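**Q** Got a structure for you, questions after.
The values are calculated or read from the model by the stated rules, or taken from the named source; none is laboratory data. Here the structure is a predicted model, which is why all the values come from computation and not from measurement. Please note that ligands, DNA and RNA were not included when accessible areas were found on the heavy atoms of the full protein model with its side chains. Shrake-Rupley method; radii C 1.70, N 1.55, O 1.52, S 1.80 Å.
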Amino acid sequence: MLTLSLRNQIIIGLLLVIMMILTRGYNLVWTHNLADASWAVFFLAGIYLRSAWPLLGLFLFSWSLDYAAYTWGGVNDFCITPAYLFLIPAYTSLWLAGRWYAKQYQFSWHNITWLGVSMTTGLLACEFFSSGGFYFFSGRFTETSLNEYAARFTQYFPSYVESFMFYIAIAVVLHTLLTTIVQQTHIRHK
């Protein structure tokens, strides 16, 4: 099981918030080309942050970033519908998948299977809630069908997976580097 000191959890939490600001901060021109890291942020929060309070904090923070973008940033409010509430179970799915993975965690190559299982489960659940919720309950589509939803799923889901994997790959590299350094330092001081 992955356990971190409170200090390390606070540092990671702050880094996740910065990551969300940089990739979801719609008015930051220089970050405009960065893919949204929100899905990865919620997944990583589930892995690294022990308390459930950061989940609520990240919900409120992401909502406030969106609200600021639509109210003052000139961003189109197309996605602000009753279906926006489906982001709650969508993001919670990622957080729970991360939380589950943290319980399986061991610093070993064999653990990559559990990481893959948790990412796949979290990504699929998140996509079904976020995109499915929007497609079926936003009121933006006059005629809905499972066939059209499946076509949209195959069209859009790969890009969400791609951006998610980009940020998770960075996290895995940083985690591996830091864990190796800590282990080597610990061995030297024995």
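**Q** Counting only protein heavy atoms and using a 1.4 Å probe, what share of the accessible area of the chain belongs to carbon plus sulfur, as a whole percent?
**A** Result for the chain: 69 percent of the exposed heavy-atom area is carbon or sulfur.
**Q** Could you work out the relative contact order of region 60-190? I mean the mean sequence separation of Cα pairs under 8 Å and 6+ apart, divided by the number of residues, in percent.
**A** Relative CO of region 60-190 lands at 24 percent.
**Q** Further, regarding this structure: Report, by chain and number, residues whose modeled amide H sits under 5 Å from the one on residue 4, excluding near sequence neighbours (fewer than 5 apart, same chain).
**A** none
**Q** Which values of log₁₀ I(q)/I(0), to two decimal places, follow from the Debye formula for region 63-190 at q = 0.20, 0.22 Å⁻¹ with a uniform point scatterer at every Cα?
**A** With no solvent term, the Cα-only Debye profile gives -1.21, -1.32.
**Q** What does the accessible area of residue 148 come to, in Å² to the nearest 10, when a probe of 1.4 Å is used?
**A** Counting only protein heavy atoms, residue 148 exposes about 70 Å² to solvent.
**Q** Still on this structure, please answer the following. Using each residue's phi in region 115-122, evaluate 6.51 cos²θ - 1.76 cosθ + 1.60 at θ = phi - 60° and report the 3J(HN,Hα) Karplus result to the nearest Hz, with x for Gly and Pro.
**A** 3J(HN,Hα) across region 115-122, in whole Hz: 4, x, 4, 5, 5, 4, 4, x.
**Q** Please work out how much accessible surface residue 108 shows to a 1.4 Å probe, ignoring ligands, DNA and RNA, in Å² rounded to 10.
**A** The accessible area of residue 108 comes to roughly 50 Å².
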